[in-house]
Structure formats: C-alpha cells, structure tokens
Amino acid sequence: MGRFRQKRSLFGIFTLGLTVFGGFEGAIAQDFNTSIGDNGIQATTLHSEPYDLLGRKIAIGQVEIGRPGKFGLDKRAVWQPQLGLSQLFFLNEKATPDDHVDDHAGMVAGIMVGQDKRQLGVAPEARLFSSAIGSTDDSAQPEECLATQHIARQNGGDVRAINFSFGESLSRDPRPNPALDGNALLTQCLDWTARVYDVLHVVAGNQGTGGIPIPTDHYNGITTAYTTRFQGDTFNKIDFANLSSLPVGSGSRLIRQEINTGSRRAISLSAPGSQLNLITTFNKIDRVSGTSFAAPHITGTVALLQEFSDRQLKTQADPWSLAARRHEVMKAVLLNSADKIADTGDGKSLEMTRTILSKQNRTWLEGDAYKNPDIPLDIEMGTGQLNAQRAYQQLAAGQWSTTAPVPSRGWNYDKISAQEFQDYHFAMPLQRDSFVALTLTWDRWVDLNDQNNNGLYDVGESFTDRGLNDLNLYLLPADADNLGDAVCRSTSPVDSVEHIFCPVPQTGKYKVRVVYAEQANQATQDYAIAWWTATTP
C-alpha cells in the first residue's frame, strides 16, 4: 500500500495526487471503469443509446506541470496511447518531442479522453488541448496564466472547459502576506479568462499535507473534492485526505491555510478520485488517488453535455439557445444535479441515486449549508457528488425564461439590473415534503491591466479585481411578495453561487425569486439558474 503524500512531478513541483499503490503491466482490474460507470458518475450510460454522447467535436483543455505523451511525437508513446489529443504545447508554443512528458498528465488526460478499452474516458471522442508549464525554475504564476490563456484561445476560441490538476504554493506567491483571498495572479487569471473566453475552469482541490492551494480560491469555475468507496463498490464518501473541513480541533492550522479566507467556500462539487486504475505513459496500470483525478471527471462531463447541446442547436430544438454553451450555465447544471440524498422511490428526493457522506459520515442535511442560508456550499462536498446522467437530465429539460410559468425542471441564462428581482413561477404545484434544488451562478468581474492594449495577457501584466455583485435566491409561495415569507433562501454575501436544497412545507404553487441585492461593479449582472423540483402526482 502507498503512503499518502503529494505526488512530485518530473519537474520538481507538486501535483495533486497520491503515491501509486503499485503498477502491474497488462493487468486489468475488476470493473476498471467503475468511476465513470454506475458506481461512479454514470457517464457510461450517456455513451449508450439512446443518448450516444461521447464528446464528439467538443474541445476541452488541460493545464498542468507536464503533458500527455503522443504517438508520433514522443518516444515514450511508441506503444500508441489511445488518447483524443488534438494539440500539445509548452506554455504558448508547440510541444517539442519528448519534452515535459509526464505520467500524471497522461493519467489525468486518460480520464477525460481515454479511448483504450482498458480505461475508457468520460468523453473519449472529445478533443483535448494540453499545455505543460514545466519546471518551477522557469515557470510561475505569470507563465501558468499564459498557458491558460493559450489553451482558452484554441479551437477558434471555442474551448468549453479547462482542467487544472495542479496547484501553486502560497510560499511562491510574491504578494506580501499572501492568502487564499481570490487575488493571486493565477486565480485572477482564471476568473478573467472564464469571463472573456467563456470557459469553465475545473480545479483540483487541496489535500494531504497541503501547500499548493492556488488557484482553488477562484470564483467563476468549479473546485472539486474527491470521493472514495464506502461499505461497497459505490463512490459515496469524501476521502479523509481532502483538506476541506472547518478549521477546528487537531490540524486546524493546516486546514486554515488551505481554505478560503473569510466565510467563502472553496469546494463546489465532488467526484470519484480514490484508488483509480489508470494507464501510465509507459503502458502500465497504476492505482492512484487524489483530487487530480476527480477534476477530469467533471471536465469530461462538460464535453458530453456540450455535445448534446450542440446537437440540440443543430436540430433547432426548442427551448434551446446558444446560452447552453455558457460556463455559468454548465456550472449551475452540474451543481444543481449533484447527488446528495438517495431517493426512496417516491421522487421526493428528486430521484437522486445515492447518499453522499462527509469524512465524519454526515449527510448534506447535517451540514451548515443546509441549516444556514448564508452558506450555500457544504465545506467538504459542495453541492454533492457529480452525476453525469442527472446533469444531462437537468440540461435536457431546456431553457425557460420568466415570461411564462416554468416546468418542474429546467435552466435559464439571463441578466438582471441592480436592486431589481426576477420571478420564475412553477406551472404545477410542488408536493409537500418533496425537496427543491435551486442553483444560481454568476461571475466575479476581473479586468486585465493591458499595458500594450493588445487584448491579451502578457507576462509582466496584472489584473484588477472589481469585486462581486451580490445576488440572492429565494423560494416563495406564488402569491407572496415579501421576502420574509420565503420558505427557503440562499443569501451568501461573499460567494458567487447561491444554492437551495430544502423540503416544501405545504403542497401548493411556488415561485423562485432572483434578487440583485448589492452592486460592486456592473449595474447589469449576467447569471445562470437551474432548478429541479417534484411536482404533485
């Protein structure tokens, strides 16, 4: 068995993983694809008819220390690894043969776009663009930002999600007294590129002995924890190695250094990441664990959803629009459809497939996010565990606006002006004691201090944080206008997401209200919202 530590890459800086538990050439573990199958995120269901989703023609990205090996370019890849690699780079230049080839990057890529029958990826037909940042002797946050921007600009600027299975150390941050306050250069870079290039960034969360938390404090994307199997073969529990707990008791000093400053939560979502059997660059199979390997499950799922979205656009399906490509929509859909509490069969828990447990075996309903309206995300699991099939169901329900009553499930992308509100009226009554899941997402505004006015980030330039507008979310009886009558609310003053998961007190008609409570930058705020309810039989 392997002892936990941060896995050191070929280039001397840390990636987010575990030491391997031993390689075994040619061996195939039982239920090799369990993390993407029924015991994991249920992506293999979407691969089959009638869905037939494999991520075709969808571009996704990867930025980390090294890069995957590619047959025809690298000697280490002479065995022809089956990966859907479109282009490989070092920072913002084409990769040179055999430079920066890394097992960690290859295994992460395999989870996203693996085509080997021994390890099928979440989106095996997606197009992966990967950039290595290389050694810490030559690269730091400015170079990492350059690589991020370069990947976001690939495929004609149409890259739907970028995976970050590495982190930067606060000890290398040049700011005086650096902290996880969202203002490290790389963190600001992620939020700027998310807005400018409309790309969803998926970042591996902190774990183990910590030390590499940047850019887990970004606002505009998703930061993930990882789950393990508990009392069976199903991924359903936050692994103890995740550094995503309240800073109390033993270890509180370490945890305090690894979570966001103030009350803002870092973890958005969890995904399988424990003891996965993955193919290395040397064509061996290693058993590995870590948030590094949870994040690409989310990135790959975006490719599946976006293939479906593009199919809908091509057939001019209704209700559908280009808004389905927005990163805010993807974030809202993924977070709102996550598994929390297993449904008993009556549909009141929204047909969720499993109960997700914290490290202390507590459910989402026992955490402070359920009890405190100012806290939208559970500190360990965010909104729960990724479920690709449920995310498909959430997205497939379609886009619905405030102009007419909305169905029990759906999403929207819209804008709202300061001090105003918008109401979504449910067309059908909601069932007593059934749960309602609501998620609202929007961006922090970060500007580039563009010294040469070329519209691009260049090494030596910086960013300015223009703050976060404050939006709030309420569930109200349909005929109520007083926010004091809300049966549930999410009113965080510091997060860029609001999330409600609460039971309906009485069968009846309800509405969702989005409120633009306080302006920090733009007077008009773009937002995405997703909802899932159980209507009366």
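The values are calculated or read from the model by the stated rules, or taken from the named source; none is laboratory data. Nothing here was measured: the structure is a model prediction, and the numbers come from that model. All Cβ positions, even for glycine, are placed from backbone atoms using ideal geometry, and neighbour counts span all protein chains on display. Remember, those area values only see protein heavy atoms, side chains included, never the ligands or the DNA or RNA. Shrake-Rupley method; radii C 1.70, N 1.55, O 1.52, S 1.80 Å.
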Contour minus end-to-end for Asp374 and Asn92, with contour as 0.36 nm per residue of separation and end-to-end as the Cα-Cα distance? 97.4 nm
Cα extents of the stretch 416-537 per principal axis, largest first, Å, are 61, 24, 21
Would you mind computing Rg(Cα) / (2.2 N^0.38 Å) for the stretch 471-537, counting N as its residues? 1.20
Work out the charge dipole of the stretch 423-537 with +1 on the Cβ of Lys and Arg and -1 on the Cβ of Asp and Glu about the Cα centre, then indicate which of Ala520, Val504, Asn472 is farthest towards its positive end. Val504
Per residue, how much accessible area does the stretch 298-397 show when a 1.4 Å probe rolls over the protein heavy atoms, in square angstrom? 32
Would you kindly state how much longer the chain becomes between Asp99 and Asn482 on full extension, computed as 0.36 nm times their sequence separation minus their alpha carbon distance, in nm to one decimal? 131.7 nm
Heavy-atom accessible surface of the chain: percent carbon and sulfur, 1.4 Å: 47
What are the radius of gyration and Dmax of the stretch 35-179, computed over its Cα atoms and given in Å? 16.2, 55
Expressed per residue, the solvent accessible area of the stretch 166-231 in Å² (1.4 Å probe) is about 26
Please report the Cα spread of the chain along all three principal axes, rounded to whole Å, starting with the longest. 68, 55, 54
Figure the gain on full extension for Ala404 and Gln506 (residue separation times 0.36 nm, minus the Cα-Cα span) and round it to one decimal in nm. 34.4 nm
What is the ratio of the Cα radius of gyration of the stretch 122-241 to 2.2 N^0.38 Å, where N is its residue count, to two decimals? 1.15
Return one quarter of the surface area of the convex hull spanned by the alpha-carbon atoms of the stretch 340-468, equal to its mean projected area, in nm². 12.3
Taking all protein chains together and a probe of 1.4 Å, list Arg390, Arg76, Arg118 from the most accessible to the least accessible. Arg76, Arg118, Arg390
log10 of Debye I(q)/I(0), alpha-carbon scatterers only, for the stretch 316-356 at 0.19, 0.28 Å⁻¹: -0.68, -0.85
Whole-Å semi-axes of the stretch 91-154's equivalent ellipsoid (Cα gyration tensor): 24, 14, 10
In terms of modelled amide H atoms, which long-range or inter-chain residues lie less than 5 Å from the amide H of Gly410? Trp531
On each of the three principal axes the extent of the alpha-carbon atoms of the stretch 396-436, given in whole Å and largest first, is 34, 24, 16
Show me the ranking of peptides 295-304, 53-62 by mean Cβ neighbours inside 10 Å, starting with the highest. 295-304, 53-62
I'd like the Karplus ³J(HN,Hα) series for the stretch 294-300: coefficients 6.51, -1.76, 1.60, θ = phi - 60°, whole numbers in Hz, and an x wherever there's a Gly or Pro. 7, 3, x, 4, 6, 4, x
Quick check: the distance between the Cα centres of the stretch 369-423 and the stretch 477-536, to the nearest angstrom? 9
Can you list the HN-Hα couplings for the stretch 141-148, worked out from phi with the Karplus curve (6.51, -1.76, 1.60; θ = phi - 60°), rounded to whole Hz and with x for Gly and Pro? 4, x, 5, 5, 5, 4, 5, 4
Backbone HN-Hα couplings from phi across the stretch 495-507 [Karplus 6.51/-1.76/1.60, Hz, Gly and Pro as x]: 8, 9, 9, 10, 9, 10, 9, 8, x, 7, x, 9, 4
With no solvent and one point per C-alpha, what does the Debye sum give as log10 I(q)/I(0) for the stretch 329-380 at q = 0.19, 0.20, 0.24 Å⁻¹? -0.73, -0.80, -1.05
Roughly how big is the chain's charge dipole about its Cα centre, with Cβ charges of +1 (Lys, Arg) and -1 (Asp, Glu), in debye to the nearest 20? 1040
